[in-house]
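Single-structure report; data block below.
The values are calculated or read from the model by the stated rules, or taken from the named source; none is laboratory data. Values in this document were obtained by computation on a predicted structure and should not be read as measured data. Methodologically, a virtual Cβ is constructed for each residue, glycine included, from the backbone with ideal geometry; neighbour enumeration extends over all protein chains shown. Side chains are part of the model used for accessible areas, which takes the heavy atoms of the whole protein and leaves out ligands, DNA and RNA. Shrake-Rupley method; radii C 1.70, N 1.55, O 1.52, S 1.80 Å.
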Amino acid sequence: MALRNVRVVEDPILRKKAKIVNKIDDKIKDLLEDMKDTMYKTQGVGLAANQIGILKRLVTIDVNDEHGLLKLINPEILEIKGEQVGPEGCLSIPETQGFVKRPEYVKFKYTDIDGNEQIIEATELLAVCICHEIDHLNGILFTDRALVGEEAEKYERLYNTENRA
Ligand code: NI
(Lines give C-alpha, C1' and ligand atoms only; values in the text may rest on other atoms or scores of the structure.)
Protein backbone atom coordinates (compact mmCIF):
# COMPACT_ATOMS: atom_id res chain seq x y z
CA MET A 1 0.00 0.00 0.00
CA ALA A 2 1.32 3.37 -0.97
CA LEU A 3 -0.32 6.60 -0.04
CA ARG A 4 0.17 9.73 -2.12
CA ASN A 5 -0.10 13.33 -1.05
CA VAL A 6 -3.33 14.95 -2.13
CA ARG A 7 -2.71 18.30 -3.81
CA VAL A 8 -4.86 21.14 -2.56
CA VAL A 9 -6.16 24.36 -4.05
CA GLU A 10 -3.72 26.85 -5.46
CA ASP A 11 -1.58 23.94 -6.65
CA PRO A 12 -1.40 24.70 -10.39
CA ILE A 13 -1.55 21.01 -11.35
CA LEU A 14 -5.23 20.99 -10.37
CA ARG A 15 -5.83 23.46 -13.21
CA LYS A 16 -4.08 21.43 -15.88
CA LYS A 17 -5.63 19.05 -18.37
CA ALA A 18 -4.65 15.41 -17.89
CA LYS A 19 -3.41 13.42 -20.87
CA ILE A 20 -4.87 10.30 -22.48
CA VAL A 21 -3.29 7.02 -21.35
CA ASN A 22 -2.15 5.05 -24.38
CA LYS A 23 -0.56 2.03 -22.75
CA ILE A 24 -1.77 0.17 -19.68
CA ASP A 25 1.46 -1.06 -18.11
CA ASP A 26 2.42 -1.97 -14.55
CA LYS A 27 3.16 1.68 -13.81
CA ILE A 28 -0.45 2.64 -14.61
CA LYS A 29 -1.80 -0.29 -12.57
CA ASP A 30 0.42 0.66 -9.58
CA LEU A 31 -0.75 4.25 -9.87
CA LEU A 32 -4.40 3.19 -9.77
CA GLU A 33 -3.64 1.03 -6.72
CA ASP A 34 -2.03 4.01 -4.97
CA MET A 35 -5.00 6.18 -5.93
CA LYS A 36 -7.39 3.62 -4.48
CA ASP A 37 -5.39 3.43 -1.22
CA THR A 38 -5.21 7.22 -1.01
CA MET A 39 -8.93 7.60 -1.73
CA TYR A 40 -9.94 5.12 0.97
CA LYS A 41 -7.46 6.53 3.49
CA THR A 42 -8.79 10.06 3.02
CA GLN A 43 -12.40 8.80 2.99
CA GLY A 44 -13.07 10.17 -0.46
CA VAL A 45 -15.59 8.68 -2.87
CA GLY A 46 -13.51 9.58 -5.89
CA LEU A 47 -10.01 10.65 -6.85
CA ALA A 48 -8.53 11.91 -10.10
CA ALA A 49 -4.83 11.54 -10.92
CA ASN A 50 -4.30 15.34 -11.04
CA GLN A 51 -5.05 15.33 -7.32
CA ILE A 52 -1.92 13.33 -6.62
CA GLY A 53 0.12 15.38 -9.07
CA ILE A 54 -0.08 13.09 -12.11
CA LEU A 55 -1.45 14.44 -15.39
CA LYS A 56 -2.93 11.22 -16.73
CA ARG A 57 -6.61 10.46 -17.36
CA LEU A 58 -7.02 8.07 -14.43
CA VAL A 59 -9.81 8.04 -11.87
CA THR A 60 -10.82 5.85 -8.94
CA ILE A 61 -14.37 5.89 -7.59
CA ASP A 62 -16.22 4.01 -4.89
CA VAL A 63 -19.61 5.44 -3.99
CA ASN A 64 -20.57 2.30 -2.09
CA ASP A 65 -22.99 1.08 -4.75
CA GLU A 66 -23.28 -2.13 -6.76
CA HIS A 67 -20.23 -1.20 -8.87
CA GLY A 68 -17.90 -1.22 -5.86
CA LEU A 69 -14.41 0.06 -6.62
CA LEU A 70 -14.02 1.46 -10.13
CA LYS A 71 -10.62 2.02 -11.71
CA LEU A 72 -11.19 4.17 -14.78
CA ILE A 73 -8.73 4.77 -17.58
CA ASN A 74 -9.63 7.54 -20.05
CA PRO A 75 -13.22 7.96 -18.80
CA GLU A 76 -15.49 9.83 -21.16
CA ILE A 77 -19.11 10.95 -20.94
CA LEU A 78 -21.31 9.67 -23.77
CA GLU A 79 -24.73 10.95 -22.79
CA ILE A 80 -26.38 13.03 -20.08
CA LYS A 81 -30.02 13.53 -19.10
CA GLY A 82 -31.93 15.46 -16.48
CA GLU A 83 -30.66 17.47 -13.56
CA GLN A 84 -29.90 17.03 -9.89
CA VAL A 85 -28.57 19.49 -7.36
CA GLY A 86 -26.68 18.38 -4.28
CA PRO A 87 -23.88 19.35 -1.94
CA GLU A 88 -20.33 18.54 -3.02
CA GLY A 89 -16.96 18.60 -1.41
CA CYS A 90 -13.49 17.77 -2.67
CA LEU A 91 -10.35 16.30 -1.10
CA SER A 92 -8.41 19.09 -2.81
CA ILE A 93 -10.56 21.85 -1.30
CA PRO A 94 -10.66 21.09 2.43
CA GLU A 95 -13.59 22.19 4.55
CA THR A 96 -15.55 23.63 1.65
CA GLN A 97 -18.99 22.63 0.45
CA GLY A 98 -21.12 23.91 -2.34
CA PHE A 99 -24.29 23.03 -4.23
CA VAL A 100 -23.69 21.94 -7.79
CA LYS A 101 -26.11 21.25 -10.63
CA ARG A 102 -25.26 17.94 -12.29
CA PRO A 103 -27.04 15.60 -14.71
CA GLU A 104 -29.41 13.07 -13.19
CA TYR A 105 -28.25 10.38 -15.61
CA VAL A 106 -24.77 9.96 -17.06
CA LYS A 107 -23.75 7.27 -19.52
CA PHE A 108 -19.97 7.00 -19.64
CA LYS A 109 -17.30 4.77 -21.07
CA TYR A 110 -13.82 3.93 -19.88
CA THR A 111 -11.06 1.39 -20.34
CA ASP A 112 -10.54 -1.06 -17.50
CA ILE A 113 -7.14 -2.29 -16.27
CA ASP A 114 -7.37 -5.29 -18.62
CA GLY A 115 -7.70 -2.97 -21.59
CA ASN A 116 -11.40 -3.64 -22.19
CA GLU A 117 -13.85 -0.85 -22.93
CA GLN A 118 -16.71 -0.68 -20.43
CA ILE A 119 -19.89 1.37 -20.37
CA ILE A 120 -21.81 2.36 -17.24
CA GLU A 121 -25.16 4.08 -16.93
CA ALA A 122 -24.99 6.08 -13.71
CA THR A 123 -27.56 7.90 -11.62
CA GLU A 124 -27.56 9.44 -8.13
CA LEU A 125 -24.14 9.84 -6.47
CA LEU A 126 -22.22 7.93 -9.16
CA ALA A 127 -23.52 10.33 -11.81
CA VAL A 128 -22.35 13.28 -9.71
CA CYS A 129 -19.01 11.67 -8.93
CA ILE A 130 -18.08 10.80 -12.53
CA CYS A 131 -18.80 14.41 -13.58
CA HIS A 132 -16.77 15.76 -10.65
CA GLU A 133 -13.79 13.51 -11.47
CA ILE A 134 -13.82 14.13 -15.23
CA ASP A 135 -13.91 17.84 -14.40
CA HIS A 136 -10.70 17.31 -12.40
CA LEU A 137 -9.07 15.70 -15.45
CA ASN A 138 -9.96 18.86 -17.37
CA GLY A 139 -8.65 21.22 -14.70
CA ILE A 140 -12.10 22.19 -13.42
CA LEU A 141 -13.02 22.29 -9.71
CA PHE A 142 -16.52 21.98 -8.28
CA THR A 143 -16.23 25.48 -6.85
CA ASP A 144 -16.15 26.75 -10.46
CA ARG A 145 -19.64 25.34 -10.90
CA ALA A 146 -21.11 25.82 -7.42
CA LEU A 147 -24.34 27.79 -7.22
CA VAL A 148 -24.08 31.23 -5.68
CA GLY A 149 -26.43 33.83 -4.24
CA GLU A 150 -30.16 33.18 -4.01
CA GLU A 151 -30.04 29.88 -5.86
CA ALA A 152 -27.43 28.51 -3.45
CA GLU A 153 -29.45 29.75 -0.46
CA LYS A 154 -32.57 28.05 -1.79
CA TYR A 155 -30.82 24.67 -1.91
CA GLU A 156 -29.18 25.24 1.47
CA ARG A 157 -32.62 25.78 3.02
CA LEU A 158 -34.03 22.76 1.20
CA TYR A 159 -31.16 20.57 2.26
CA ASN A 160 -31.36 21.66 5.90
CA THR A 161 -35.09 20.95 5.97
CA GLU A 162 -34.69 17.53 4.41
CA ASN A 163 -32.12 16.52 6.97
CA ARG A 164 -33.91 17.78 10.04
CA ALA A 165 -35.06 14.87 12.17
NI1 NI B 1 -12.60 16.56 -6.12
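Remark: region 92-109, residue by residue, has Karplus-estimated 3J(HN,Hα) of 8, 10, x, 6, 10, 10, x, 8, 10, 8, 10, x, 7, 10, 9, 9, 9, 10 Hz, where x stands for each Gly or Pro and the curve is 6.51 cos²θ - 1.76 cosθ + 1.60 at θ = phi - 60°.
Each residue of region 66-75 was assigned a 3J(HN,Hα) from its phi angle through the Karplus curve 6.51 cos²θ - 1.76 cosθ + 1.60 (θ = phi - 60°); the sequence is 5, 7, x, 6, 10, 10, 10, 10, 6, x Hz, with glycine and proline shown as x.
For the chain, the longest principal axis of the alpha carbon atoms and the long axis of helix 26-41 meet at an angle near 30°.
The distance separating the Cα centre of region 85-111 from that of region 6-61 comes to 16 Å. Think of region 59-165 as having a plus end and a minus end, set by charges on the Cβ of Lys, Arg, Asp and Glu; of Ile134, Ala146, Val59, Ala146 sits farthest toward the positive end of this dipole.
Can you list which of the GluC sites (Glu not before Pro) found in region 1-85 are DSSP loop residues with at most 10 other C-beta atoms within 10 Å? Sites meeting the loop and neighbour criteria: Glu10, Glu66, Glu83. Among Asn138, Asn64, Asn50, whose mean-square fluctuation peaks in a Gaussian network model of the chain (Cα, cutoff 10 Å)? Its mean-square fluctuation being the largest, the pick is Asn64. Under 5 Å from the amide H of Lys101 lie the amide H atoms of Leu147, each residue being 5 or more positions distant or on a separate chain, with H modelled from the backbone and absent for Pro and chain starts. Taken per residue, the accessible surface of the chain reaches 56 Å², heavy atoms only and a 1.4 Å probe.
Note that region 11-16 has calculated 3J(HN,Hα) couplings of 6, x, 5, 5, 9, 9 Hz, one per residue in order, obtained from phi through the Karplus relation 6.51 cos²θ - 1.76 cosθ + 1.60 (θ = phi - 60°); glycine and proline are x.
Taking the Cα centre of region 19-165 as origin and assigning +1 to Lys and Arg Cβ atoms and -1 to Asp and Glu Cβ atoms, the resulting dipole is close to 300 debye. Only DSSP H runs of four or more residues enter the estimate; each adds -39500 (n - 2.57), and after division by the residues of the chain the mean residue ellipticity at 222 nm equals -9000 deg cm²/dmol. For region 1-85, the residue among Asn50, Leu3, Met39 whose Cα projects farthest onto the positive side of the dipole built from Cβ charges is Asn50. Taking the alpha carbon gyration tensor of the chain, multiplying each eigenvalue by 5 and rooting it gives semi-axes of 27, 18, 15 Å, largest first. The C-alpha atoms of the chain define a longest principal axis, and helix 149-162 lies at about 90 degrees to it. Less than 5 angstrom separates the built amide H of Lys19 from those of Lys56, Arg57, all sequence-distant by 5 or more or on a different chain.
For a 21 Å ceiling on Cα separation, which of these pairs sit above it: Lys23/Lys56; Lys17/Lys81; Lys71/Lys107; Lys29/Lys56; Lys41/Lys101; Lys16/Lys107? List each step's numbers first, then the result.
Working: Lys23/Lys56 11 Å; Lys17/Lys81 25 Å; Lys71/Lys107 16 Å; Lys29/Lys56 12 Å; Lys41/Lys101 28 Å; Lys16/Lys107 25 Å.
Checking Cα-Cα distances, Lys17/Lys81; Lys41/Lys101; Lys16/Lys107 exceed 21 Å.
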